[in-house]
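S.K.: The structure's right below; bear with me while I get my questions together.
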Amino acid sequence: LLAYLFSFLGMIVIWGIGMAISYPGNTTSDSNDIIYTALGINNMKSMVPVVYILFIRFFWNIGYAIFGNVNASLAVCTAMHVLVISSMISYLVSRLYRYGVKKWICLSVWLFYAVVPYNIQLCHTIWKDIPFAAFVFFFSILIWEQYEENDTQSLLAESFRLLLLLISAMGICLMRNNGFFAYIFFMPFGIYLFYKKNKKVVITLLVAFVL
């Protein structure tokens, strides 16, 4: 838990400084299209996932209700990117530490994500590809973790990890329109890995597929 907290808070500080420099966030033509769609100015397009549009609309409305201007609204959306992605990376660092990986390696992994400029820039950019990549990253960590875990984990810990696995799997399917096909491609391998080892993981993967 301490490794997670130190990693998370450290990334929030560093990425928060980067966000202040690039306030209210990085936008491109794709970003503008997403924002206009979320605001109802543009019509929905098949290339932009509905879930991501709803995500941006929800936090944009919160930002506008509190601060009353578009820059602050965009900043709230950017901040949510930072919170979600930094929590996923911190989960990786905490897992590496928990499994006995040397501290300097854990620190190197953290530094790579925390201070490499393009990681900071991408985290502050309103693109559908960013959360999709984050969910693929997080899903990969959880699959690895489930494969390495033994049967001694508590029911609460097991349920929590399965819930995270479900959320990350659904994120892959919903945060990019072709993500569903990538998930279908993974399914046979996931079933093969866990059919004998942990059938609860197989059930979770199937539930994500159905939902």
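The values are calculated or read from the model by the stated rules, or taken from the named source; none is laboratory data. Just so we're clear, the structure is a prediction, and the values are computed from it rather than from any experiment. Here Cβ is always computed from backbone atoms with ideal geometry, including for glycine, and neighbour counts include all displayed protein chains. Note: accessible area is taken over every heavy atom of the protein model, side chains too, but ligands, DNA and RNA are not part of it. Shrake-Rupley method; radii C 1.70, N 1.55, O 1.52, S 1.80 Å.
S.K.: Would you be able to say whether some residue in the stretch 153-162 is in contact (Cβ under 8 Å) with a residue 24 or more places away in the chain and of a type in the set (D, E, K, R)? First the steps, then the outcome.
M.R.: Step one: of the stretch 153-162, the residues in contact (Cβ under 8 Å) with a residue 24 or more places away in the chain are 158, 162.
With the extra rule that they be of a type in the set (D, E, K, R), the set shrinks to 158.
Checking the stretch 153-162: at least one residue is in contact (Cβ under 8 Å) with a residue 24 or more places away in the chain and of a type in the set (D, E, K, R).
S.K.: Among the candidates 176, 161, which residue alone is under 30 Å from residue 17 (Cβ atoms) and of a type in the set (Lys, Arg)?
M.R.: It is 176.
S.K.: Give me a count of the residues in the stretch 33-60 that are out of contact with any Lys or Arg (no Cβ under 6 Å at 6 or more places or on another chain), in a helix (DSSP H, G or I) and open to solvent by less than 60 Å² (accessible area, probe 1.4 Å).
M.R.: 10
S.K.: Just give me the residues in the stretch 66-103 being closer than 30 Å to residue 39 by Cβ and among the small types (Gly, Ala, Ser), in sequence order.
M.R.: If the condition is that a residue be closer than 30 Å to residue 39 by Cβ and among the small types (Gly, Ala, Ser), then 68, 72, 73, 75, 79, 86, 87 are the ones that fit.
S.K.: Now, a different point. Give the residue that is surrounded by the most Cβ atoms within 10 Å (Cβ to Cβ), with candidates limited to residues of the stretch 144-157 that are in contact with a helix residue (DSSP H, G or I) (Cβ under 7 Å, 6 or more places away or on another chain) and under 15 Å from residue 91 (Cβ atoms). Show your work before the answer.
M.R.: At the first step, the residues of the stretch 144-157 found to be in contact with a helix residue (DSSP H, G or I) (Cβ under 7 Å, 6 or more places away or on another chain) are 145-147.
Keeping just the survivors that are under 15 Å from residue 91 (Cβ atoms) gives 145-146.
Values: 145: 17, 146: 22.
Among residues in the stretch 144-157 that are in contact with a helix residue (DSSP H, G or I) (Cβ under 7 Å, 6 or more places away or on another chain) and under 15 Å from residue 91 (Cβ atoms), the one surrounded by the most Cβ atoms within 10 Å (Cβ to Cβ) is 146.
S.K.: Output yes when any residue across the stretch 9-24 is under 24 Å from residue 177 (Cα atoms) and polar (S, T, N, Q), and no when none is.
M.R.: Here is the first cut: in the stretch 9-24, the residues under 24 Å from residue 177 (Cα atoms) are none.
No, because not a single residue in the stretch 9-24 is under 24 Å from residue 177 (Cα atoms) and polar (S, T, N, Q).
S.K.: What's the number of the condition residue 182 fails, among (1) at pLDDT 90 or above; (2) within 30 Å of residue 12 (Cα to Cα)?
M.R.: Checking residue 182 against (1) at pLDDT 90 or above; (2) within 30 Å of residue 12 (Cα to Cα), the one that fails is (2).
S.K.: Considering only residues that are in a helix (DSSP H, G or I) and either more than 20 Å from the chain's Cα centre (by Cα) or more than 18 Å from residue 138 (Cα to Cα) (or both), which ones fall in the stretch 191-206? Show your work before the answer.
M.R.: Within the stretch 191-206, the first condition is being in a helix (DSSP H, G or I), and the residues that meet it are 191-194, 199-206.
Those that are in a helix (DSSP H, G or I) and either more than 20 Å from the chain's Cα centre (by Cα) or more than 18 Å from residue 138 (Cα to Cα) (or both): 191, 192, 193, 194, 199, 200, 202, 203, 206.
S.K.: Turning to a different aspect of this structure: Taking residue 161 as meeting all but one of (1) under 24 Å from residue 89 (Cβ atoms); (2) charged (D, E, K, R); (3) more than 19 Å from the chain's Cα centre (by Cα), write down the number of the exception.
M.R.: (3)
S.K.: Of everything in the stretch 158-211 that's charged (D, E, K, R) and open to solvent by 60 Å² or more (accessible area, probe 1.4 Å), which residue is farthest from residue 148 (Cα to Cα)? Walk me through it before giving the result.
M.R.: Going residue by residue through the stretch 158-211, those that are charged (D, E, K, R) are 158, 161, 176, 196-197, 199-200.
Filter once more, so that each one left must be open to solvent by 60 Å² or more (accessible area, probe 1.4 Å): 176, 196-197, 199-200.
Numbers: 176: 29, 196: 14, 197: 10, 199: 15, 200: 15 Å.
Filtering the stretch 158-211 for residues that are charged (D, E, K, R) and open to solvent by 60 Å² or more (accessible area, probe 1.4 Å), the one farthest from residue 148 (Cα to Cα) comes out as 176.
S.K.: Further question on the same structure: If you take the residues of the stretch 64-114 that are in contact (Cβ under 8 Å) with a residue 12 or more places away in the chain and basic (Lys, Arg), which of them is least open to solvent (accessible area, probe 1.4 Å)?
M.R.: The extreme case among them is 95.
S.K.: Additional query: From (1) surrounded by fewer than 16 Cβ atoms within 10 Å (Cβ to Cβ); (2) assigned to a loop (DSSP other than H, G, I, E, B), pick out the condition that doesn't hold for residue 13.
M.R.: Answer for residue 13: the failing condition is (2).
S.K.: Does the stretch 149-168 include one or more residues that are among the acidic types (Asp, Glu), modelled with pLDDT of 85 or more and over 29 Å from residue 30 (Cα atoms)? Don't jump to the end; show me each part of the working.
M.R.: Keep residues of the stretch 149-168 that are among the acidic types (Asp, Glu), which gives 149, 151, 158.
Pick out the ones that are also modelled with pLDDT of 85 or more and you get none.
No.
S.K.: All but one of (1) buried (at least 17 other Cβ atoms within 10 Å of the Cβ); (2) under 18 Å from residue 118 (Cα atoms) hold for residue 23; which doesn't?
M.R.: Just one mismatch for residue 23, condition (1).
S.K.: Within the set of pairs 6+ apart or on separate chains, which have a first residue in the stretch 173-194 that is among the hydroxyl-bearing types (Ser, Thr, Tyr), a second that is outside any loop (DSSP other than H, G, I, E, B), and C-beta atoms under 7 Å apart?
M.R.: Listed pairs, sorted by first residue: 183/169; 183/172; 183/173; 183/209.
S.K.: Go through the stretch 147-190 and report how many residues are part of a helix (DSSP H, G or I) and out of contact with any Leu (no Cβ under 7 Å at 6 or more places or on another chain).
M.R.: Qualifying residue count, the stretch 147-190: 25.
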